1. Could you tell me whether the stretch 373-495 comes out rounded, prolate or oblate from its Cα gyration tensor? Rule is a ≥ b ≥ c as square roots of the eigenvalues, rounded for a/c under 1.5, then prolate if a/b exceeds b/c, otherwise oblate.
2. By what distance, in whole Å, do the Cα atoms of the stretch 281-471 stretch along each of the three principal axes, largest value first?
3. Sort ILE286, ILE351 so the one with the fewest other Cβ atoms within 10 Å of its own Cβ comes first.
4. Hey, any idea what the orientation-averaged projected area of the convex hull of the stretch 491-587's Cα atoms comes to, in nm²?
5. Please list 454-464, 417-427 highest first by mean number of surrounding beta-carbon atoms within 10 Å per residue.
6. Anything over 28 Å Cα to Cα? Flag those among LYS438/LYS501; LYS290/LYS500; LYS344/LYS375; LYS169/LYS560; LYS290/LYS344, in the order listed.
7. Cut-off is 10 Å between beta-carbons; in what order do MET518, MET300, MET532 appear when sorted fewest neighbours first?
8. Would you give the gap between the C-alpha center of the stretch 536-550 and the C-alpha center of the stretch 327-380, rounded to a whole Å?
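All of the numbers you see were taken from the coordinates with simple rules; none came from a lab. As the structure is a prediction and not an experimental result, all values here were calculated from the model. Cβ placement follows ideal geometry from the backbone for every residue including glycine, while neighbour counts extend to all protein chains displayed.
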Amino acid sequence: MRSLILLALSSPFACGGGQSDCPCITAYPSGIDTSAIALSGQTYSYPSNYGLNTCAEHDQGMPPYCTNSPVPSWCNTTWCYIDTTSCTRTHGRSTYFPDDFLYYSYSTCGTANTYDSWFDAEAASGDPSELNQHDLVEIASVVTSYLVSTSNTLEGNEIELRGGSPNCKYFSSCPCVGCSDSSPASAVFGNQSVVIGTSTYTQISDSTSSDAKIDQCLSNVVGESFTRVAAAEANPSQRLGYEYGAFQNTGNYMQWPGLDWCPSSFDPRFRPWYAAAASGPKDVVIVIDKSGSMASENRMSLARQAGVKVVDTLTEADFATVVAFSSDATSQSSSLLQMTEPNKQLLQDYINAITDGGTTNFGAALGLTMDIFEKSSGASASSGCQRVVLFMSDGEPSQGTWESSDADSILSRAQALSPLPHILTYAFGAGADSSALKGISCAHQGVHYTISDGGNIADVMAGYYKVLSPMGSPCKVRWTQYSDILTGETLLAACLASYKKPSASSATSCQEGTPGCMSYLLGVTCVDMGLMAPMSVLQANAGWPDFWSRVQAEQAQCSKVTLSAAQMQFLREEAGGSGNICSGDVAPSQCTDAAAPSMSPPGGAVDEGQEGNAIGIIVGGVVGGIVVLVGIYFVSKMMSAKAKPSTNGGGGGVPMQQSVARPMQAQVVTQTVTTTQSYQAQPMAQAVPMAQAVPMGGRGAVPMGMAIT
């Protein structure tokens, strides 16, 4: 059972300022020491009257969130810690003091949600001079500032934790200690109080590993940021919205509202919001070997699963098709298709119908792939951004199908394309001679992978985006639109990738990073616009066209970075150890500047027998077909609203009243230099349970949302 976490209402403290129906407290409970606030493995000293006595901007200029630029708006907002025994206003639990149930409120200090204060309050004032002071597009800037602030703090704390042995308390979703399935929502909301529970952390990987220990600490950083934003902006009784994120090395996941959830099979890195933020728009051709040898060891079935999973990772900002080959080659389409939900289904149906038989004609497969790229240009058939070929085979090319003249011809055609396609090759099966495949990847600015029989070919192929991630400029917000799986309501989320810093003195990814060093993905965080206002309200606002234009432009924005030969070797070594480096090339290096600090990848080289798991961690997640959040919708008017039915069935998308338009073509900015940036629980007292468990089966079906067109 997955449950939204709400916290108990109990506080015996003396009261000071604030509203009479939610007074500020004047003293802390015994044991609280504001001079030693532990957060994510670091200790901060706050004033002894922090949050006490009166409404004030208690966080202004305070680390770690309110000292970097831009500061989130809550840093300059008045609030205080409150007495919950008589509070009927929105309030949330502080994670600064994990052993105490201490709550704060912005509402008692007169702070309104940003949208309400900018638009509703202006309209209600009756003063013409107060009208039209803000445009809706500014709301996107507020959400962006929340994401950038979280990213800056996350990157700064990660470098402090790296290499140590951190041990942090954290708010776990599995099990959620103290959560209850028996408390009806009315028990909490009966006095019209809205309690903003804390965020929770879902451990996907081994909880004892050093990476997991770091993630546990970092979940406090993200969780506190999520909770602060929710306390200032959210109103769960009137609108639906989530905040969520995941870490690259482990796949561990965070979400607000908190949840009671123990997933048996789930990896957020293979979801659209995650990899879209990390890789941006792209053109993808999936090439699947269907020769007779693919009948061995269930390889054809595994290849189909891999192809379906890759397609499931794509978003409407992407364009793709599928090539199947044996003695000759065929494709689902003669040019790339925009990855709307119907077109994704077309590709997946094509993949599932592939059967094995015939020889292995590499030349035909790559020749058709180049045909497709050559025919795919302009806004109707290309993202105009990165191009990648995912080429899988279980053996050598058949005699005469891949001579040196064939290789030269394909390379010449590839080099004539702009942008140049990167070819990632996958040798699948025991005994596969991968020399030809590796040679293709080396010639085409790609990476080669070897997967033994029984290895996780689907995860390895679906992790292609990690190769593209360092080739794009960081600090780019990407948007994902989806339908909440419980209510059918359309939601829109802004997501931002964070990167590991090479050293503590390095700038964060949103502060220009470290020149000369390749980006190294840390994780992705997202904020729903539903926290600010319902989608219906946003769409009814006169500024919606300009707002939507910004969403489309940011989704399609393509700022490309050229990696050096040494940096490409670094990616190859990550994927398969020193034997995967292309011969005759330079030595691997993350940073092209010799003076720049070096950062070794976690886990070191990959053993051939462990590539399914290790490459999944190194190469990361992918644009998953279905947004992964565990959702709960409860209370008030929305509880009685009839959910819109899915017209696509299964794990497909739910059409929205206003369809998602094709993202506009943004100007492509290319850096030709080889400089990139590199970056880097608690007992819950009460929970509102979901009325019914959501099935985890189907195409990417997960509890919170379904991607929509």
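1. Details: a/c = 2.51, a/b = 1.52, b/c = 1.66.
In terms of gyration-tensor shape, oblate.
2. 42, 34, 30
3. If I rank by nearby Cβ atoms, fewest first, I get ILE351, ILE286.
4. Numbers: hull surface 35.9 nm².
Computing the convex hull of the Cα atoms and averaging its projections yields 9.0 nm².
5. Details: 454-464: 24.5, 417-427: 21.5.
My ranking of the peptides, most packed first, is 454-464, 417-427.
6. Working: LYS438/LYS501 31 Å; LYS290/LYS500 40 Å; LYS344/LYS375 20 Å; LYS169/LYS560 40 Å; LYS290/LYS344 20 Å.
Listed pairs above 28 Å: LYS438/LYS501; LYS290/LYS500; LYS169/LYS560.
7. Details: MET518 28, MET300 22, MET532 25.
Neighbour counts put them in this order, fewest first: MET300, MET532, MET518.
8. 37 Å
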